[in-house]
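Below: the structure, in structure tokens.
The values are calculated or read from the model by the stated rules, or taken from the named source; none is laboratory data. Remember, predicted model here, so these are calculated numbers, not experimental data. For neighbour counting, all protein chains shown are included, and Cβ atoms are generated from backbone atoms with ideal geometry for every residue, glycine included.
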Amino acid sequence: MYPPVPPVGLEYIAGSLISAGHKTEIVDLCFTENIFKEIDDAVISFKPDIAGITVRNIDSALFLNNEFFLDEIKIIIDYLKHAYGLKIIVGGAGIIADPEGILEYLKADFIVSGPAEKDLPYILSNLNNELNTRIFYSACSGMVILDRLISAIDYKKYIEKGGVAGFETHKGCSSSCCYCIEANTKVFFKNPNDVISEIKALVDIGCNHFHLCDSEFNENLEYCIDFCNALKKESLDIKWAVYMKPDNFNKKLFQLMKETGVYLITLTVDTYKKCDMYWSDIERFIFSAKSAGIKVVVDLLTGFPYEKESEIKQHLDNLKRPLPDSININTYIRLYKNTCISKMILSDKTLVKYLINYPGNGRLIKPVFYNQINMEQIRQIIDYDSIFRVDGAEKGVNYSRI
């Protein structure tokens, strides 16, 4: 709710199901004051055979002001099962963190891990057969062409509350960030013209502010340039914000991004085992983007195992030099079952002492954090420099702050 985020994933899922011949209705509970009445009205009028629940995130991933979402989702699942006897299939971006653990925690009937737009119609068509699994691992293939049911969401409400519309250019991420659940997942791109058609449909209903839903926009430089060239030809009066990584960029890309309405880049940076070239790339990235007139905010994750305080100070000096508009610093590393950093920490007894909220049984569904640099230490390190913001200290996202 800070700000509210439209359920883009549900729009893609609903569109793909309708295209495959299924009847689908989206129930968006974001603004309702009585979720059970809303559910009752939808089930009674629509009479579904199965209910699909999306898990966009397990939790807010930040230590400060952390919000754990699965308990609220579980209440909805329990109500649908017990009040109406419906079977429940769960999916969403957060599932890949731990499909088995989330299925057990939520007590759902089935779960889909990965982009489900292509496989879910087949799965639903075969649920009456004897399936030998409750967990489905799904992926897109080739150039992704996906329908989207935009008409099911009341975007006016989102805009009134500070929300913005979203779109995506690809699925997956080839980066190997040790802390990220999407690391090393298969990458498939959408046709730029299909993406632009989505944007135009959203513009037609009054949206002009967008946030890109990709892990990072610049997965492939050639694709980014092609997309921006295609978008530029449309001359749409929009502005949009993106996540990017310090790789696959040049001045031409930033100039095109500016010309198509990009006003803000959130640059994802971490300090885990980085060479000098990494910091040089960051400096070039920030200088190039800002020279094109685009603001840059750095999201920095630091305080990794075996890192020294002096090293962290040096990294902060490296980031300050090109003068980004802000640096959000986070030293609390959220652990998830299937990430490399979690496996490394849990296998080293000297590191376990730095864990917060760890139940001691290897389970990482509820928020567990690794922290060796606490808030007071980090405030001393940054010396109250105004360019830094402690991530999570206040609610909100970069596009609502800048």
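Please go through the stretch 63-85 and give me each residue that is in a loop (DSSP other than H, G, I, E, B) and surrounded by 19 or more Cβ atoms within 10 Å (Cβ to Cβ), ordered by number. Give the steps one after another, and end with the answer.
Applying the first criterion (in a loop (DSSP other than H, G, I, E, B)) to the stretch 63-85 yields 63-67, 69, 85.
If the condition is that a residue be in a loop (DSSP other than H, G, I, E, B) and surrounded by 19 or more Cβ atoms within 10 Å (Cβ to Cβ), then Phe63 is the only one that fits.
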* Asked: Counting just the residues of the stretch 181-223 that are under 24 Å from Ile402 (Cβ atoms) and among the small types (Gly, Ala, Ser), which one comes out surrounded by the fewest Cβ atoms within 10 Å (Cβ to Cβ)?
  -> Gly206
* To do: Please work out if Tyr332 is over 20 Å from Pro246 (Cβ atoms) and of a type in the set (Ser, Thr, Tyr).
  => yes
* **Meets criteria (farther than 22 Å from Tyr12 by Cα, crowded, with 16+ Cβ neighbours inside 10 Å and modelled with pLDDT of 95 or more) for Tyr105** => yes
* Structure fact -> The residue from Asp226, Asp237 that alone is assigned to a loop (DSSP other than H, G, I, E, B) and out of contact with any strand residue (DSSP E or B) (no Cβ under 8 Å at 6 or more places or on another chain) is Asp237
* **Residue that is aromatic (Phe, Trp, Tyr), free of Cβ contacts under 8 Å to residues at least 12 places away in the same chain and farther than 19 Å from Leu267 by Cα, where the choices are Tyr370, Tyr306, Tyr336** => Tyr306
* Structure fact -> Scanning the stretch 165-194 for residues that are among the aliphatic types (A, V, I, L, M) and modelled with pLDDT under 95, the one farthest from Pro367 (Cα to Cα) turns out to be Val187
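So that you can scan it fast, the table gives a plain yes or no per residue for (1) on the phi > 0 side of the Ramachandran plot; (2) among the polar types (S, T, N, Q); (3) not assigned by TED's automatic domain parsing to the domain that holds Leu301:
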position	(1), (2), (3)
Asn318	no, yes, no
Ile327	no, no, no
Ile341	no, no, yes
Arg363	no, no, yes
Ile381	no, no, no
Ser386	no, yes, no
* Structure fact -> (1) of a type in the set (A, V, I, L, M, F, W, C); (2) in a helix (DSSP H, G or I); (3) under 23 Å from the mean Cα position of the chain (by Cα) all hold for Val43 apart from (3)
* Asked: For the stretch 86-98, what are the residues that are surrounded by 17 or more Cβ atoms within 10 Å (Cβ to Cβ), part of a strand (DSSP E or B) and either not assigned by TED's automatic domain parsing to the domain that holds Ala42 or not aliphatic (A, V, I, L, M) (or both)?
  -> Gly91
* Report whether or not Tyr306 is assigned by TED's automatic domain parsing to the domain that holds Lys290 and among the aromatic types (Phe, Trp, Tyr). => yes
* If Lys232 passes every condition in (1) assigned to a helix (DSSP H, G or I); (2) of a type outside the set (Asp, Glu); (3) touching a residue at least 40 places away in the same chain (Cβ under 8 Å) but one, which one does it miss? -> (3)
* Asked: Is it fair to say Ile26 is β-branched (Val, Ile, Thr), more than 17 Å from Ala83 (Cα to Cα) and either surrounded by 12 or more Cβ atoms within 10 Å (Cβ to Cβ) or touching a helix residue (DSSP H, G or I) at 6+ places or on another chain (Cβ under 6 Å) (or both)?
  -> yes
